[in-house]
Amino acid sequence: MIKIRTITPDDLPGVMALVAKVDFPWRSEAGWHWALFENPQQGDIPAGFVAEREGAVVAMVGLQARDFILEGAPVKAATGHTFIAGPEGRGSGPRLARRALTYPGLAAVYSLNNNASSAGLYKKLGMTAWKGESARNRLEWPIRPLAMGAGLAFSRLARSDRIYDALSAREWFPPLHIPLADHAKKSLQAGDWLDPASPDDARALDAFDSDLRRSRQAVPVRSAPFYAYLLSDPDAPGRSVVLTARDGSKITGLMMAILSKPNAYEPAGLDIVDLEFAPGAPREATIACLVRVARKIARDSGAARLRLIFSDRFTAAELKGTGLRLHRRFSYDPAHALFADQNGKLAEAWAPTGFEGDFHFALRVAPQRAPR
């Protein structure tokens, strides 16, 4: 008989065994503890749920809580992640999902990073692709075009299971393992990047967050402790960086970027998973500044491209100063949500940037395999 219950730190060995069975990206026990149990915004919301059979974890779903400000008042929402089941846990998925989707006190449960196979499942569970077609669009700035082209060719070849296995047997295009903040310190100007541990930067970030709260009906809470958490992945130290555009000490624009590698045979890329602006900031100039800095970091780190998700938030005029870019499109809906009030202000006014999702730990890093 399968029992559904709240996940605890004692379940981490079982989680790692389950992850290995289903070929999910490897993480250390410290990495899973960080992802599941160290979120400073978690509060009283469970970190997730497991399905247990005869004392073994056979399925799980993660539930990472996030703080939002909705029309001036604080609310909790949560991003669902790591929805997996082993052979012994088949059939428990819907029960796990319902437990997460119906947890009391959440304004929404959502995913901003689902894949093609899970997109259909989420719709069956009652979640909607509430941002519509616009969420499918993204932009890519080529940094190393030849490597990008080789990765694209490998991806097409990998549609064959036999070739996929051959290409996945080793890691191609390994990125440089140098912390992105070190690249920022060496090649960027003071004020182009942010250290959440710095008191001055923390104060500037608090002011930026306050400006957003006053000007938006629905906005996630951006705080120095939370950015410090996002940057502290024990399995991939230094692969994230927070970039800023400033007017004096005031932050006018903020971008968080993560170095990731989609699979063994594609080159690494730099993913923009947060991009936001202070009220009244000159958007065209601010975007151009931030993308210029991000492209510099991408080149220094060995990335083949710079990618922006949810790119429909910006007009062509606002992006014209960012250089050559390619328009890409997912073939499926990557963002789904179930709102407590499907017609409420959160569903209507929230424009995700990626900051609210699970990209900080869900994007693959190289190498993926556990140490021998």
### Query
Mind checking which residues of the stretch 193-205 are under 21 Å from the mean Cα position of the chain (by Cα) and assigned to a helix (DSSP H, G or I)?
L205
### Query
Taking the stretch 112-127, which residues are surrounded by 13 or more Cβ atoms within 10 Å (Cβ to Cβ) and either among the hydrophobic types (A, V, I, L, M, F, W, C) or touching a Lys or Arg at 6+ places or on another chain (Cβ under 8 Å) (or both)?
L112, A119, L121, L125, M127
### Query
Can you pull out the residues in the stretch 221-245 that are of a type in the set (S, T, N, Q) and either farther than 22 Å from K296 by Cα or open to solvent by 20 Å² or more (accessible area, probe 1.4 Å) (or both)?
S223, S232
### Message
So A35 passes all but one of these: (1) touching a residue at least 40 places away in the same chain (Cβ under 8 Å); (2) assigned to a loop (DSSP other than H, G, I, E, B). Which condition number does it fail?
### Response
(2)
### Query
Taking the stated definitions as given, is T286 assigned to a loop (DSSP other than H, G, I, E, B), of a type in the set (S, T, Y) and within 30 Å of P237 (Cα to Cα)?
no
### Query
Could you say whether any residue in the stretch 307-314 is within 20 Å of the chain's Cα centre (by Cα), outside any helix (DSSP H, G or I) and at positive phi?
yes
### Query
Looking at (1) without any contact (Cβ under 8 Å) to a residue 60 or more places away in the chain; (2) open to solvent by 10 Å² or more (accessible area, probe 1.4 Å), which is the one condition that is false for I287?
(2)
## Note on the structure
Of A347, A340, the only residue that is open to solvent by 10 Å² or more (accessible area, probe 1.4 Å), touching a Phe, Trp or Tyr at 6+ places or on another chain (Cβ under 7 Å) and under 28 Å from G80 (Cβ atoms) is A347
#### Entry: Residue in the stretch 74-101 that is most open to solvent (accessible area, probe 1.4 Å), counting only those that are within 11 Å of V61 (Cα to Cα), small (G, A, S) and under 24 Å from the mean Cα position of the chain (by Cα)
A85
### Filter result for A294 (among the small types (G, A, S), in contact with a Leu (Cβ under 9 Å, 6 or more places away or on another chain) and not in a loop (DSSP other than H, G, I, E, B))
yes
#### Entry: Total residues in the stretch 118-157, condition more than 20 Å from A340 (Cβ to Cβ) and in a strand (DSSP E or B)
6
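The values are calculated or read from the model by the stated rules, or taken from the named source; none is laboratory data. It should be emphasised that the depicted structure is a prediction, and the values quoted were computed from it without experimental measurement. Using ideal geometry, Cβ is built from the backbone for each residue, glycine included, and neighbour counts are taken over all protein chains shown. Accessible surface areas use protein heavy atoms only, side chains included; no ligands, DNA or RNA. Shrake-Rupley method; radii C 1.70, N 1.55, O 1.52, S 1.80 Å.
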